[in-house]
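Every read-out reported here was derived from the displayed coordinates using simple, explicitly stated rules and does not represent laboratory data. Just so it is clear, the model here is predicted, and its values are computed rather than measured. FYI the Cβ positions are ideal-geometry reconstructions off the backbone, even for glycines, and counts take in every protein chain you see.
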Amino acid sequence: GLPECPFCGEAAGRELEAHVRARHRHLLGAPGRDTGNDEQLYECPMCSLTCTNIQILEEHVNLHLEEQNFSEGGNIRDLELAQRLQTEEDKRQRSEEEKREREEFKKLQRQYGLDNSGGYKQQFLKNMEREVDRGRMQPFDYHKRKADMMECLAFGIDDGKTKTSGVIEALCKYYQDENKDVRHVWLSTGVDHFHSSLGDRGWGCGYRNFQMLLSSLLQNSLYNDCLRDTTLIPSIPKIQSMIEDAWREGFDPHGASHFNNRLHGSKAWIGACEIYSLLTSLRIKCQIIDFHKPTGPMGTHPRLFEWVLRYYSTDNEGGAKVVCTSKPPIYLQHQGHSHTVVGIEEKKNKTLCLLLFDPGCPAQEMQKLLKQNSDGTSLKLLRKFVGSLKEKQYQIVAVDGVLSLEEKAARCRASQVLTSEKIP
């Protein structure tokens, strides 16, 4: 606390000396005790020292006052210094934290393609230039591929260079001949595989999975009316524009705001909500199912497998070992990647195995599945057992019919509130 006046006890702080001189001067010069031999004694009010001379006492008291002032001043200076150092440290920490947050935000923007660094076309050209610089591509090929790409982008169609067709048919044949451990297998029909290209490597999996799903829908007459304006597989920039059109119709405003209502010209990752909005805007009936936590031991998701089995086997019970269903493939999303479910195996021991198309798998690998006399080793590319899917959360988008205009409008309104159903 502040130093107190030795005479009246009042807290005086730095002003102690002035306070004593102003208020208690008379005490400093007051007569002392009579010693009985005509000598006056003066006691110091601060330490009880006895003096015989009033001037000596005054000087002595002044020393006390100066010492207290110095001590207090030192304490105050120390306190001020400590406070200044703490303020500077807090400022430095805040500045570092803000810098970290800015860098983290930029990293996330880069990761999710929202950093204004260009989109499919820019990345395609940049990667081709790199290939020419490294001697892996001739300048003639560069100009030819650039012209082809610009033409496809102008028409909004995929160039088909990453497509592999015929895998489902090859699987049907393989399973007919296989007689070891598969009891039943259900397959979607007519699914082409699309993998990422120079233009979308690192971020295009959601778009490629939509292309796979669409390739099957285009071969199913049930969806002819919904897809009469989409007779060919759209390019990735075209899919981005189609999602923006869905947002403009009013689908998923919350999700749209995450992308600032713009995908075209960016390398933005998309997920289940964008696929749902796009399909529903085309009057294709679908639902998002959210497997928000593991439902089995070791972080596994057996309920997801059971859900997929029900999806394929409903209306397709029968006794046939291989069932090529009319069920469209399923979009499967998890943190950082997505796949297309094209079927499910049920083993003789009742275990289940999903069959997945991965957009990260190149065409050269997928074409191994087309060999007529496959011994099944290439199926490792597709097979995922319960123990293989151990991400914390999964979402699936499953297609199931068409919507009337009224149903589409109702789903648009509902998407402004909620689009997913959680599996407990």
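Taking each of K347/K390; K91/K392; K161/K371; K327/K368 in turn, the alpha-carbon distance tops 29 angstrom for K91/K392. Around the amide H of V402, modelled in the peptide plane, lie the amide H atoms of K285, all under 5 Å away and 5 or more residues distant in sequence or on another chain.
Measuring nothing but alpha carbons in segment 273-324 and taking Rh as the Kirkwood radius, the Rg to Rh ratio lands at 1.09.
Over all orientations, segment 192-270 has a Cα convex hull whose mean projected area works out to 5.5 square nanometres. In this Cβ point-charge picture (+1 for Lys and Arg, -1 for Asp and Glu), segment 239-315 has a dipole of about 100 debye about its Cα centre. The radius of gyration of the Cα set in segment 297-406, together with its Dmax, comes out at 15.1, 50 angstrom.
Please state the shape class of segment 337-379: rounded when a/c is under 1.5, otherwise prolate if a/b exceeds b/c and oblate if not, all from the C-alpha gyration tensor. Taking the square roots of the gyration eigenvalues as a ≥ b ≥ c, segment 337-379 is oblate. Dividing the radius of gyration of the alpha carbons in segment 289-362 by their Kirkwood radius gives 0.97 for Rg/Rh.
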